[in-house]
Structures are given as C-alpha cells and as structure tokens.
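The values are calculated or read from the model by the stated rules, or taken from the named source; none is laboratory data. None of these values were measured; they are calculated from a predicted model. As a convention, Cβ positions derive from the backbone with ideal geometry for all residues, glycine included, and neighbour counts pool all protein chains shown. Ligands, DNA and RNA are stripped out before the accessible areas are found, and what is left, the full protein with its side chains, is counted by its heavy atoms. Shrake-Rupley method; radii C 1.70, N 1.55, O 1.52, S 1.80 Å.
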Amino acid sequence: MYNTCPKCGHARAPSSNEAKDRCPQCGLVYRKWFNRRFRKNLKDAEFPSAAGDSSVVYRLRELFLAVKPETCRPAFYARCLVFVGMLVWGWNFISMDYYTIQDGVRINIALPEIYQSFLHNVNLIFHEAGHILFMPFGRLMSILGGSLMQILMPLTVMLVFLLKERNTFGAAVGLWWTAQSLMDVAPYINDARAGQIPLLGGGTGVDRPGMHDWHNILSELDMLSSDYLLAGIVDGLGTLLMLTSFAWGGLVLFRQYKNLTALGAS
C-alpha cells in the first residue's frame, strides 16, 4: 500500500475515504491505478521475456511471437493439427482460379471454386450484415460495406486474440481467415463488368441491373474498366497474407515446441 499518491506524491490519509477514492490534489482514481498496475504485473509474470527490454524491435517481436513459458502438451498438439489444416486448406484456396484464359482471352468464371467452400457462406453472413451496418454512411458505403464487413470481421478476431487475449497462434488463425475472405471478394470484383456470378436471391448482375455490388461501386467511382486490375490486387494481397499466416503460425508453434522440450529436459 502506498502512503503517497503514486502520480503527484500527495500524502494519503488511510483513515479517510481518500484512500479508497481519489487524490484531492491531482484527481487520480486510486482503484483504477492499482488495477492497471496489477494487470500489467500479471502480464509481465505470464510473459517474462517481454519485460525488461524497451527496444521497439524486441517489443514488436514479443507482441507477435509471445508464448507462455509453460505449454500444455495436448493444447500444443491440437494447435499443430489446426496448423496442418491451415496449410492444406489455405494452399487449396491459393491455387483456386477466379478467371480462366481461352484463346488468349480472359473469361470470367460464373461460379468460382472458392464460392463452393462453406467458408463462403460464413463470409456471406457478415457481407450482408455489412450492407445494413454501413447504411448510415450513405449509399456508396452501404454497398461497399458488404465486402468491408466480411474482411473486418476476421481482422477483428485477429486483433482480439493478439491484443486482448495475447494468443499469438489464435491471431495467426485470424489472419488466415482475413486472407481467405479477401480472396473470396476478388471474384466478385472481377465480375463487375461481366455480371455472370449468381447473386443472393437468384439471377446474375446481367439479369438484375443495379444489384451487383461491385458493378455499382466501380461505376460510381468511374473505375469499371479497372475491375480485373483491382481483383488481381485483392487476390494477391489475400495470397500474401495467407502465406504470412503460415509463417506466423509456424514460428509461434516452434517457440512453443522449444518450451516443451525445455520442460521435458528439466
């Protein structure tokens, strides 16, 4: 227990409510200050390698690669199985094409392979919710909000695991999902002019004018002729993030494996 305010040094009166409330000099709320300090001490005890070094590179490394000193073997092996699934399924997504070339001409695929994955239906739920959530920001944002929301949801999952839970492997899985969702958006962008992809509720962009998100978005931005280019950028970014998630998850598991071997030797 501190006898003075930890912020300004004002003498505390333990017998009064001041000790339980706030400093009359600087207004510091003692309870909140103690809670914050207590939580920080707990985190430093749980991840001791992150304490005692203030370099930016070291801090970033410990943020993205932090692992607990003690690793539960069953949990580690379960993560290894998840990682194998990430590699196999993720590489399958990378290898999928969202367009084909016939006689030197780029032909749009009416039903891309990635849309046949059940993850497409998961992404679709957040996609449709995004149209409603972004509606207050105007027509363009309401249309764009579908694709934004299906990317923001897995990105949020990644950030929660990384910053709140300090679960770096879970964050890598979140990045994997973000990458997959980006690749899921690419065929829709690529279809902006062709309008061949089946839309929710039936029909295609050609059959239902004004109902194709990316035709509307790129038309309003006067970028309709750039649909192939933009689709390629989005798909390429998704592929890059997918490969990054492989590397990230693998490094985290390697650090956990070293902890397992250290514990086994002791």
_Restricting to the range 212-266, count the residues that are more than 21 Å from Trp176 (Cβ to Cβ), open to solvent by 50 Å² or more (accessible area, probe 1.4 Å) and either assigned to a helix (DSSP H, G or I) or at pLDDT below 95 (or both)._
13
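Yes or no: Ile143 surrounded by 19 or more Cβ atoms within 10 Å (Cβ to Cβ), assigned to a helix (DSSP H, G or I), under 17 Å from the mean Cα position of the chain (by Cα) and not charged (D, E, K, R)?
No.
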*Output the number of residues of the range 78-90 satisfying the condition of being in contact (Cβ under 8 Å) with a residue 40 or more places away in the chain and farther than 14 Å from Asp184 by Cβ.*
6
*Looking at this structure, is Gly201 open to solvent by 50 Å² or more (accessible area, probe 1.4 Å) and not in a helix (DSSP H, G or I)?*
yes
_For the range 127-140, which positions are touching a Ser or Thr at 6+ places or on another chain (Cβ under 8 Å) and either of a type in the set (D, E, K, R) or surrounded by 16 or more Cβ atoms within 10 Å (Cβ to Cβ) (or both)?_
His127, Gly130, His131, Phe134
